[in-house]
Amino acid sequence: MPADPIELARELLRCPSVTPQEGGALTFLENILERAGFSVYRVVFSEPDADDIDNLYARIGTAGPHLVLAGHTDVVPPGDETRWQHPPFAGDIADGVLFGRGAVDMKGPIACELAAVLDHLAANGGRPKGSISFLITGDEEGIAVNGTVKLLQWAIARGEKIDHCILGEPTNPKHLGDMIKIGRRGSLNGTLIVTGTPGHVAYPALADNPVRRIVTIMAAVMADPLDSGSAHFDPSNLEFTSIDVGNKTVNVIPAEARARFNIRYNDHHTPTSLQTLVEARASAAAQGRHFRIEWDPSNADVFLTRPGPFVELVTGAIADVTGRQPELSTAGGTSDARFIKDYCPVVEFGLVNATMHKIDENVATDDLLALTAIYRRILDRYFA
Ligand SMILES: [Zn+2]
């Protein structure tokens, strides 16, 4: 009998695993994977001023090629549970739709990965022609310091060598098969700081208003695009997200003005090239007057998994099951793929993202069956 991704998803949804709680979700996976012959490791990571986080790594097989299926069992909080038509941690099904926090992001896809792997193993004498691993973190929706980044370091330190990875984050705007993610833009934060000389607002000549200078510098920084885009990416973009003077009075010219900004950048840039470009624009606008920019450390660099045999294997499996030729996208926010890309090519493909993080998050049970069929095809072809 084939493994049932719908029942697996319901069981996972009944585990209240809001970050940082494990909620029983990893234990559920551990028990199934152990029975299927995986070596399963539960790894807890700590960090000062952060919650300890439980993670899971499980491998079957010793030979290459080694395909890793990655994901997270933690979920964002449900918010006001009385606003849900179906309770967030019940696994209710109504009219062919499964409801629950994490239905698409991303317990549903983990259930599909699991069902596909169990079926693939059953059809191949219980062992893959290579190795399959699950890399499942409980720290993706939180600050993500005790999750995938450390679990990968832990696995590599044990001598694991990974050839390819599929991450089941929700990637499809409307229909299963619309879109896969083959890369992500980088993200860099900075703060522009201009100091002046405070004084009475009626005597501006005796003061130096930093608000005048910061708006000039901001306008110059925003005036032109950072680049014109690349083969697989939209143009890099800088957005100011906050302007802060903190002045409670109406008659004092303030001493300092700050403006925070975020840059989402493509493969034309690195954090260093962006710093150089933005500081040059700011310098030109400041005309020798003082300003400074504080740059936050970034752990979200741009990456691209170049189209090739692995990407074609995934898109081919999607086209076979859904009849759709998925768009190869790099849009949207960052994901744990930004850590995985340091070790192997990674492609993201999961469910429809329309209800993720929302009240009544849900997935059509037909989509769970179709996604399982897609993952199964990927496994069959990968190990053919
Ligand atoms: Zn997610």
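Determine the dipole magnitude for the chain: charges of +1 sit on the beta-carbon of Lys and Arg, -1 on that of Asp and Glu, nothing else is charged, the reference point is the Cα centre, and the result goes in debye to the nearest 20.
The calculation lands at about 900 debye.
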**Report entry** Distance in nm between pseudo-label sites at ILE143 and ALA94 (7 Å out along the Cβ direction from Cα)
**Finding:** 3.8 nm
Query raised in the report: Around ASP360, which amide H atoms from residues at least 5 apart in sequence, or from another chain, sit under 5 Å from its own amide H, with H modelled in the peptide plane?
Result: GLN85
Report task. Please give the FRET efficiency for ARG212 paired with ALA331, using the beta carbon to beta carbon distance and R0 = 41 Å, rounded to the nearest 0.05. Result -> 0.65
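Of LYS161, LYS107, LYS341, which has the most accessible area with a 1.4 Å probe, and how do the rest follow in descending order? Kindly include the intermediate steps, with their values, before the conclusion.
Details: LYS161 135, LYS107 0, LYS341 55 Å².
If we order LYS161, LYS107, LYS341 from most to least accessible, we get LYS161, LYS341, LYS107.
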Report summary line: The base-10 log of I(q)/I(0) that the Debye equation returns for the stretch 5-53 at q = 0.13, 0.16, 0.28 Å⁻¹, one scatterer per C-alpha, is -0.38, -0.55, -1.07
Query raised in the report: Under DSSP H, which helices of the chain have Cα atoms covering 18 Å or more of the helix axis and a Kyte-Doolittle average no less than -1.0?
Result: 107-122, 210-223, 271-286, 309-322, 365-382
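Would you calculate the volume per residue, in Å³, of the smallest convex hull containing every Cα atom of the chain?
Details: hull volume 61.5 nm³, N = 384.
Dividing the Cα hull volume of the chain by its residues yields 160 Å³.
If each residue of separation counts as 0.36 nm, what is the full-extension length gain between GLU81 and HIS175 once their alpha-carbon separation is subtracted? Don't jump to the answer; show the numbers that get you there.
Values: separation 94, 0.36 × 94 = 33.84 nm, distance 2.74 nm.
In short, 31.1 nm is gained.
Can you give the FRET efficiency for GLU312 and SER46, using 1/(1 + (r/R0)^6), R0 = 51 Å, r = Cβ-Cβ distance, to the nearest 0.05?
Values: r = 41 Å, r/R0 = 0.80.
That gives a FRET efficiency of 0.80.
Per residue, how much accessible surface does the chain expose to a 1.4 Å probe? Answer in Å², no decimals.
On the way: 16480 Å² over 384 residues.
Value returned for the chain: 43 Å² of accessible area per residue.
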Requested in this report: Over 23 Å, how big is the tail of the calculated P(r) for the stretch 225-365, in percent of all Cα pairs?
Outcome: 56 percent
Report task. Starting from the Cα of ARG127, step 7 Å along the direction of its Cβ; do the same at ARG381; then give the gap between the two resulting points in nm. Result -> 2.7 nm
Report task. Collect residues whose amide H, placed 1.01 Å from N in the peptide plane, falls under 5 Å from the amide H of HIS66; neighbours closer than 5 in sequence don't count. Result -> SER131, ASP163, HIS164
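Any idea what diffusion coefficient the stretch 34-137 gets from Stokes-Einstein, in µm²/s, Kirkwood Rh on alpha carbon pairs, 4 °C, 1.567 mPa s? Before the final figure, lay out each step's value.
Values: Rh = 15.9 Å.
After rounding, the answer is 82 µm²/s.
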Requested in this report: Can you pull the one-decimal nm distance between simple spin-label points at HIS290 and ASP234, each 7 Å off the Cα toward Cβ?
Outcome: 3.9 nm
Requested in this report: Enumerate the lysines that LYS161 could reach by cross-link, defined here as Cα to Cα under 20 Å, with residues fewer than 8 away along the same chain left out.
Outcome: LYS129, LYS150, LYS341
Requested in this report: Could you work out the mean projected area of the convex hull around the alpha carbons of the stretch 63-105, in square nanometres to one decimal?
Outcome: 4.6 nm²
Report summary line: Treating every alpha carbon of the stretch 125-217 as one equal point scatterer without solvent, the Debye formula yields log10 I(q)/I(0) values at q = 0.19, 0.25 Å⁻¹ of -1.11, -1.32
Report task. Let me see the pair-distance distribution of the stretch 258-309: every alpha carbon pair, 5 Å bin width, integer percents in order. Result -> 4, 14, 25, 21, 14, 9, 5, 3, 2, 1, 0
Query - Cα-only Debye scattering, the stretch 189-245: base-10 log of I(q)/I(0) at q = 0.15, 0.16, 0.23, 0.30 Å⁻¹ - result: -0.58, -0.63, -0.96, -1.22
Query - Rg over Rh [alpha-carbon atoms, Kirkwood Rh] for the stretch 171-305 - result: 1.11
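The values are calculated or read from the model by the stated rules, or taken from the named source; none is laboratory data. No experiment lies behind these values; they were computed from the predicted model shown. Counting neighbours? That spans all protein chains shown, and the Cβs are built from the backbone with ideal geometry, glycine included. Only protein heavy atoms, including side chains, enter the accessible area calculation; ligands, DNA and RNA are left aside. Shrake-Rupley method; radii C 1.70, N 1.55, O 1.52, S 1.80 Å.
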